[in-house]
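Step one of this worksheet: look at the structure below.
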């Protein structure tokens, strides 16, 4: 049995809840999310599954298992594994930070700047004024979009190249990657 959450303004969830009856058959397409598996199947690491080399599917309901954490995601794995998560946008929204070639990702938090996300990812980003005037914290968005609260330091060319002041930039898309240049 599957449960469908009604999404306000959603095109499918309302019809499914209102019109589907037991025994109805659905034809479904593949997921259309932005899952990023390793390109070479030999490099993919899968958690234990009933059949070796196959994908293991694990369900998690927050109301029963609590909020998802990195530790809870790793629990079913018997070693290193790749994971794909799906869920509502706030659940899957990620900020990826690249500093000196090191890449780390953290879940997005509403109202948090890219500088704050960078610190939460375990990096110490450059900064000075934190008011948007000096551009010491400047970095370049390579994926996604962000809105700057205040923009007093970047010229039109820098903005066109994707540069932001991370102390002022808040993500406006669910998948954001920011790279600090040396």
Criterion: touching a helix residue (DSSP H, G or I) at 6+ places or on another chain (Cβ under 7 Å) and within 19 Å of residue 93 (Cβ to Cβ) - qualifying residue of 107, 174:
174
On the basis of being touching a residue at least 12 places away in the same chain (Cβ under 8 Å), in contact with a strand residue (DSSP E or B) (Cβ under 7 Å, 6 or more places away or on another chain), within 12 Å of residue 99 (Cβ to Cβ) and not in a loop (DSSP other than H, G, I, E, B), does residue 170 make the cut?
no
Residue ID - modelled with the lowest pLDDT, chosen from residues in the stretch 16-33 that are assigned to a loop (DSSP other than H, G, I, E, B) and surrounded by 10 or more Cβ atoms within 10 Å (Cβ to Cβ)
33
Could you give me the residue pairs with C-beta distances under 8 Å whose first residue belongs to the stretch 109-138 and is without any contact (Cβ under 8 Å) to a residue 12 or more places away in the chain, whose second residue is buried (at least 17 other Cβ atoms within 10 Å of the Cβ) and not in a loop (DSSP other than H, G, I, E, B) wherever it lies, and which are 6+ apart or on separate chains?
109/116; 109/117
Sole exception among (1) modelled with pLDDT of 90 or more; (2) loosely packed, with under 14 Cβ neighbours inside 10 Å; (3) part of a loop (DSSP other than H, G, I, E, B) for residue 150, by number:
(1)
Give the residue that is surrounded by the fewest Cβ atoms within 10 Å (Cβ to Cβ), with candidates limited to residues of the stretch 98-146 that are in contact with a strand residue (DSSP E or B) (Cβ under 6 Å, 6 or more places away or on another chain) and in a helix (DSSP H, G or I).
120
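The values are calculated or read from the model by the stated rules, or taken from the named source; none is laboratory data. Owing to the predicted nature of the structure, the values given are computational and were not obtained by experimental measurement. Virtual Cβ from ideal backbone geometry, glycine too; neighbours counted across all protein chains shown.
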